[in-house]
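Taking it in order: structure first as structure tokens, then the write-up.
What follows draws every value from the coordinates through simple rules; no lab data is involved. As the structure is a computational prediction, the values presented were derived from the model and not from experiment. As a convention, Cβ positions derive from the backbone with ideal geometry for all residues, glycine included, and neighbour counts pool all protein chains shown.
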């Protein structure tokens with residue numbers, strides 16, 4: 001979520017790696033881009049030739065994009081491709097496919113990127129192996145990539161492990177993290193999370209509470225109940241819809257305990273949410289600091305911590321998360337006891353919310369940094385989510401009746417909204433889940449599915465794959481290149497994959513799957529920067545990766561600052577916010593990029609604080625991460 005200004009740091013330059021990577025496990029030391037493997041070492045990498053740097057599944061479409069800038073900061077970076085392109089095996093250089101480029105839209109320039117380009121379709125290459133694409137005449141190549149049915153499995157583990165790195169009050173130690181990112185448990189000192197003070201009554205020791213645990217929300221180390229909701233729901237939904245993608249072997253301390261590691265992470269968060277709940281069912285809103293301390297590493301921060309007491313926004317958000325977690329945990333034998341407790345807590349939160357007048361101004365900004373309040377409309381929509389999962393876990397008619405009476409208060413039914421689950425994805429996902437409940441209202445189930453289909457058929461460029469929409473094959477409207485644009489981008493993929501999951505338009509299933517895949521490829525390097533929008537992924541096979549992210553742990557100038565230039569760089573697998581065409585509202589106009597660019601190029605690989613305000617572009621968030629994790633999980637078997 002958007003945050004306020006951070007401490008003053010010094011400038012950094014935009015830099016991207018032009019090295020090549022190989023698919024190996026996360027190393028136990030500082031990660032550096034490894035040398036190009038095999039025959040690819042004999043052909044120079046060129047950032048105009050774009051592929052998914054991790055790779056492709058054998059039977060999926062495979063289209064490389066070749067680009068040349070016609071507008072933007074890189075307009076002088078000219079490139080004329082050769083007439084023949086080849087797919088070559090990394091090990092021996094063997095040519096497995098050869099063909100010609102096809103100009104995109106007859107050579108048109110795409111306004112949102114300022115680029116024009118070509119497509120190279122090599123979908124027929126389906127043999128497992130590691131490859132690169134070369135331009136025969138120019139003696140240049142793309143990043144290396146794998147073709148393998150399980151090519152995204154390790155990437156899913158890395159992206160899910162972001163939540164482990166975000167744990168508060170938990171030591172990160174070997175063998176679960178490499179040397180670079182070991183740290184002691186953060187915020188367990190005097191007057192910190194285990195002794196948090198009420199911000200409205202700071203000196204009252206009787207209101208001190210143990211609110212330790214949970215996830216850091218984003219680049220700061222504060223913790224928000226409301227902001228946790230989309231992440232918790234999306235991770236649970238991802239597991240429900242494809243449990244086979246999530247193993248018990250993501251190398252976290254709970255690995256091997258009989259619980260899929262993604263659920264261990266959700267449990268870490270719900271254990272904290274339980275501490276935030278009072279005996280009457282209400283919930284505190286957030287926990288954090290009153291300033292902007294550097295926390296590199298987090299355990300070094302001795303700042304006192306405060307909480308905002310009970311607020312209806314947090315109470316109804318907790319009701320939904322508790323109910324959803326109870327439903328999912330109840331099917332996992334080691335979590336059965338937790339499931340029963342969460343069910344009780346969900347009911348208590350619901351009952352408290354129903355009898356308490358809505359509170360709209362709980363957060364006055366004293367506890368930094370984002371405003372955690374929800375509007376009345378947000379609370380109403382969250383109540384529908386809670387009712388759906390409470391009905392699923394209790395089968396009590398009171399909750400079904402509430403859904404029937406209030407379902408149109410969710411975002412998919414906003415008259416100005418389309419795309420169903422691009423924003424507030426947990427709302428649209430809950431409505432679709434409702435249609436699977438055996439005792440849910442039959443008429444409403446049909447209505448929801450029909451309304452989703454109507455959204456699909458509305459012709460608004462949200463659903464399916466249209467070659468004319470985007471040179472980079474992952475269309476996003478210009479107005480959505482805003483702060484945190486990688487969140488709606490991922491959720492465009494998710495709302496398409498919902499059509500597949502719920503079999504809403506089976507005749508066109510391949511088009512929706514292609515849309516989801518192409519969005520993944522955009523995240524993985526098929527974009528104007530030829531950059532993987534995940535931090536420090538060189539040891540997972542990336543040739544170019546986000547080297548810097550705005551995070552209080554991975555501050556500029558520390559050993560965690562830059563994956564290529566500092567000792568360690570940031571931990572792998574974080575999704576940064578993404579291109580922000582409105583960055584100029586906080587970033588100096590002299591900083592180009594991200595300012596003054598076509599929307600897709602409104603990004604800069606840097607992590608400098610005020611006045612450069614990198615948080616508007618490269619700060620991660622657990623809700624950006626959950627959208628990407630859910631989408632990626634759809635393509636992991």
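With a ≥ b ≥ c taken as the square roots of the eigenvalues of the C-alpha gyration tensor of region 274-335, please select rounded if a/c is under 1.5 and otherwise prolate if a/b is larger than b/c or oblate if it is not?
Details: a/c = 3.25, a/b = 1.61, b/c = 2.02.
Because a/c hits 1.5 or more and a/b fails to exceed b/c, region 274-335 counts as oblate.
Between region 37-80 and region 242-314, what is the separation of their alpha carbon centroids in Å?
If we compute the Cα centre of each part, the gap is 39 Å.
Summing -39500 (n - 2.57) over the DSSP H runs of n ≥ 4 in the chain and dividing by its residue number, what mean residue ellipticity at 222 nm do you reach, to the nearest 500 deg cm²/dmol?
Details: 13 runs with 185 residues, N = 637.
When only DSSP H runs of four or more count, the value is -9500 deg cm²/dmol.
For region 87-234, report the convex hull volume of the alpha-carbon atoms normalised per residue, in Å³, without decimals.
Working: hull volume 33.2 nm³, N = 148.
About 224 Å³ per residue, rounded to a whole number.
Cα axis of helix 442-456 to longest principal axis of the chain: angle in degrees, 0 to 90, nearest 10?
The answer is roughly 30 degrees.
Once R0 is set to 56 Å, what does the formula 1/(1 + (r/R0)^6) return for the Cβ-Cβ distance between residue 300 and residue 136, expressed as a FRET efficiency to the nearest 0.05?
Efficiency computed from Cβ-Cβ geometry: 0.55.
Please give the helix 153-165 orientation as an angle from the longest Cα principal axis of the chain, in degrees from 0 to 90, rounded to the nearest 10.
Its long axis makes an angle of about 40 degrees.
If you fit an axis through the alpha-carbon atoms of helix 336-355 and take the longest principal axis of the Cα set of the chain, what angle between them do you get, 0 to 90°, nearest 10?
Relative to the chain, helix 336-355 is tipped by roughly 70 degrees.
Kindly state, to the nearest 0.05, the FRET efficiency for residue 592 paired with residue 248, given R0 = 51 Å and r defined as their beta-carbon distance. Don't jump to the answer; show the numbers that get you there.
On the way: r = 47 Å, r/R0 = 0.92.
For R0 = 51 Å, the calculated efficiency reads 0.65.
Assign one of three labels to region 438-568, namely rounded, prolate or oblate, based on the Cα gyration tensor with a ≥ b ≥ c the square roots of its eigenvalues; rounded applies when a/c is under 1.5, prolate when it is not and a/b is larger than b/c, and oblate otherwise. Numbers along the way, then the final one.
Values: a/c = 2.78, a/b = 2.12, b/c = 1.31.
Prolate, because a/c is 1.5 or more and a/b exceeds b/c.
Determine, from the Cβ-Cβ distance of residue 366 and residue 454 and an R0 of 41 Å, the FRET efficiency 1/(1 + (r/R0)^6), rounded to the nearest 0.05. It would help to have the intermediate numbers written out before the result.
Numbers: r = 45 Å, r/R0 = 1.10.
The calculated FRET efficiency here is 0.35.
In which sequence would 194, 626 go, from the one with the fewest C-beta neighbours within 10 Å to the one with the most? Before the final figure, lay out the partial values.
Details: 194 19, 626 31.
Lowest to highest Cβ neighbour count: 194, 626.
Would you list the P(r) distribution for region 399-459, with all Cα-Cα distances sorted into 5 Å bins from 0 and each bin expressed as a whole %?
4, 19, 32, 27, 14, 4, 1
Less than 15 Å from a label point 7 Å out along the Cα-to-Cβ axis of residue 102: which backbone N atoms in region 446-476 qualify, by residue?
465-473, by backbone N distance to the label point.
Could you give the length gained by full extension between residue 77 and residue 191, i.e. 0.36 nm per residue of separation minus their alpha carbon distance, to one decimal place? The partial results should precede the final answer.
Numbers: separation 114, 0.36 × 114 = 41.04 nm, distance 5.42 nm.
Extra length available between residue 77 and residue 191 comes to 35.6 nm.
Taking the beta-carbon count within 10 Å as an exposure proxy, list 254, 366 from fewest neighbours to most.
Numbers: 254 19, 366 13.
Fewest-to-most ranking of 254, 366: 366, 254.
Applying a 10 Å radius around every beta-carbon, put 56-66, 493-503 in order of their mean neighbour count, most first. Please list the in-between numbers first.
Details: 56-66: 20.7, 493-503: 23.3.
Ranking, from highest mean packing down: 493-503, 56-66.
How do the peptides 91-102, 267-278, 513-524, 459-470 rank, highest first, by the average count of neighbouring beta carbon atoms within 10 Å per residue? Write down the numbers at each step before the final one.
Details: 91-102: 13.5, 267-278: 20.8, 513-524: 24.7, 459-470: 16.2.
Descending packing order for the listed peptides: 513-524, 267-278, 459-470, 91-102.
Taking a ≥ b ≥ c as the square roots of the Cα gyration tensor eigenvalues, with a/c under 1.5 meaning rounded and otherwise prolate when a/b beats b/c, else oblate, which class fits region 279-374?
oblate
Quick one: Cα centre-to-centre distance for region 477-529 and region 592-629, in angstrom?
20
Would you mind ranking 543, 447 so that the residue whose beta carbon has the fewest other beta carbons within 10 Å leads the list?
Details: 543 31, 447 16.
Final ranking by Cβ density, sparse to dense: 447, 543.
Based only on Cα atoms, what Rg/Rh ratio does region 187-374 have, Rh being taken as Kirkwood's radius? Don't skip to the answer; put the middle values down first.
Details: Rg = 16.5 Å, Rh = 17.0 Å.
The Rg/Rh ratio comes out at 0.97.
Which three lengths, in whole Å and largest first, does the chain cover when its Cα atoms are put on their principal axes?
Answer, in whole Å and largest first: 74, 56, 47 Å.
Expressed in nm to one decimal, what extension gain is obtained for the pair residue 290 and residue 436 from 0.36 nm per residue of sequence separation less their Cα-Cα distance?
Values: separation 146, 0.36 × 146 = 52.56 nm, distance 4.45 nm.
Roughly 48.1 nm would be gained on extension.
What's the center-to-center distance, using Cα atoms, between region 330-360 and region 427-465 in Å?
What the calculation gives is 26 Å, centre to centre.
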